[in-house]
1. Report, ordered by the first and then the second residue, all pairs with beta carbons closer than 8 Å, sequence separation of six or more or different chains, a first member in segment 391-412 that is over 10 Å from W466 (Cα atoms), and a second member that is among the basic types (K, R).
2. Whether any residue in segment 189-202 is among the polar types (S, T, N, Q), free of Cβ contacts under 8 Å to residues at least 40 places away in the same chain and surrounded by fewer than 18 Cβ atoms within 10 Å (Cβ to Cβ) is what I want to check.
3. Look through segment 57-71, keep the residues that are hydrophobic (A, V, I, L, M, F, W, C) and in a strand (DSSP E or B), and return whichever of them is nearest to R21 (Cα to Cα).
4. Which of the residues belonging to segment 540-566 are free of Cβ contacts under 8 Å to residues at least 24 places away in the same chain and within 40 Å of the chain's Cα centre (by Cα)?
5. Identify the single condition in (1) charged (D, E, K, R); (2) more than 29 Å from the chain's Cα centre (by Cα); (3) under 23 Å from S581 (Cβ atoms) that K503 does not satisfy, given that it satisfies every other one.
6. Can you run down the residue pairs with Cβ atoms below 9 Å, 6 or more apart or on separate chains, where the first is in segment 121-137 and acidic (D, E) and the partner is modelled with pLDDT of 95 or more and not in a loop (DSSP other than H, G, I, E, B)?
7. Working only within segment 92-127, note down all residues that are more than 27 Å from G253 (Cβ to Cβ) and of a type outside the set (D, E, K, R).
8. Just one of I355, I350 is surrounded by fewer than 23 Cβ atoms within 10 Å (Cβ to Cβ), touching a Leu at 6+ places or on another chain (Cβ under 9 Å) and modelled with pLDDT of 95 or more; which is it?
Amino acid sequence: MNTKPILYSLEPFDPSGHRFRITVTIPAPAARGQVVSLPAWIPGSYLVRDFARQIETIEARCGSKKIALTKIGNHSWRAAVCSSPLTITTTVYAYDLSVRGAHLDQSHAFLNGTSVFLCIHGSESLPCVVNLLPPPKPLRWSVFTSLSQWGKNQSGKQHAFGKYRAENYDALIDHPIEMGNPQVAKFMACGAKHELVFTGNIPNLDLKRISQDVKKICETQIRFFEPDTHLAPFLDSAQHYVFMTMVTGDSYGGLEHRASTALMASRKDLPIIGQEKTPAGYETFLGLVSHEYFHTWHVKRIKPSVFAPYDLTRETHTRLLWIFEGFTSYYDDLMLLRSGVIDRQTYFSILGKQISSVLNAPGRHKQSVAESSFDAWTRYYKQDENSPNALVSYYTKGSLIALGLDLTIRYATRDQHSLDDVMRLLWHRYGRDFYIGAGQGLAERDFARIVREACGVDVSEELQSWVHGTVDVPLKKLFALNGIALNFKTPSHLPSLDVRVRKQGEHLVLATVFEHGAAHRAGLSAMDTLVAVDGLRVDASQSSLDALLERYQPEDRVTIHAFRRDELISFNVKLSAPANSACELKVMATTA
């Protein structure tokens, strides 16, 4: 039985053309012809992305002899029979500036293994060694990854090109790689090494401030899951954790991995040296950091059973994403509060916006979060102009379900238990030993039992209504039972068209027309281009539309001209009253 590692090499040989060259050598190929494939999707992003479409060239050699390589599917190939080591070489085009794919230019290289490393069928459990080669001169880059250095690399020189090791293919594609000359900061959290890597043009970035805040978040989360040992979860598979952040003018996003995360951030959201007040978006960035770090426990190790292991050849459905993304969306900002990087007033403001965003989305009455989770592949990740009317987010409503369960448990047990106990039981039962044990996941119908075991509270009725039904979580009642007042107010005095708009060139376009709202009743449609309100031109901004609407009262009728395609149409619109859509949270006053 072959136990020799699968050998990969990766070379960013053409930065200006955005091309990697990847070679994989299989010491003992399958006797009837080796099948290889590239994953169809990447864990954490539930959409078939067809990474194999970016393979420009592919060839196979048996020893030094070129042999046939036949494509047998969208993502897979079969090599002719080979009795000696088989080598397959690919050229991959990499110009996807996102957290999901691969990107290469003269400034840096970033890659997820799912975009570049072929899976060797039948050898998925074998160790993998990847030789990372440098770019052409004069580029002088370093390597940043949570992969473990192998062989001579272990001499102590960090960030060196050379050989890195993963225990199997699943691990190989779960440690993304950054190459370049980023800004870097390091810190220790509960004795574990962490590295902050920022790529992009970011003058005067306040790395010290960011390190201090992220350290607090990391330590709070480690102690949350391991209150006794304070052991970081990634020490089972890596020596340190890496935050890889690509900074541009207007980016946002993140994708979790077992010992690292890939982030996208806007330059304006990051603090600069000497800045007295941090940018308004800095809390959003820290919330993203907190969200992806929480995933180190919750989804990278505590998983739905259908993800243990992943099947990356096809869509893999689960109705539990409201737990894994929704609960993470609840705890990400809560961990900012518990770590002290935001105060209670700021937390209440963030939470109020989250509540408002869910309650202002009509789609929550049509789709349950269980359905939203199952349909992520075909609906949530393929949204269009009507999605707010038809869908519910398993992220945002899932976070409110977590909040509702937390409040329910706290009240029922007189604060003796909380959702924290549920999370720690999930960790001990499914997550702590995931990569060193059997690797079992949470079954689709087991969550109510877990809550009852952890807290002694039966929440099966709540789950049936909030998760499998379309009932709103009764947060006003639950908050009141726990000493917090939830109220709604009108954020604006302006009458409303009940639409969302976006700038498109020099025009203002209806992005979403909310069902049963003023614009919908009058016949306006998403994608219509606004021209005028009662004969006065609408410029390409929300403020222009607001200035025109300010002249009217709710129930007034206005004539709106809009282009639908190249046809000018007139609509008689009865304006709506502004909704009580802004949520406020306050601790109730206590009486002596």
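The values are calculated or read from the model by the stated rules, or taken from the named source; none is laboratory data. Note that the structure is a prediction, hence the values are computed from the model and not measured. So basically every Cβ, Gly included, is an ideal-geometry build from the backbone, and we count neighbours across all protein chains shown.
1. Partner pairs satisfying both residue conditions: L391/K366; L391/R379; V392/R364; V392/K366.
2. no
3. Looking at residues that are hydrophobic (A, V, I, L, M, F, W, C) and in a strand (DSSP E or B), I get I58.
4. S543, A547, L548, R565, D566
5. Exception for K503: condition (2).
6. E124/Y169; E124/D170
7. Hits for segment 92-127 are I120, H121, G122, S123, S125, L126, P127.
8. Matching residue, one of I355, I350: I350.
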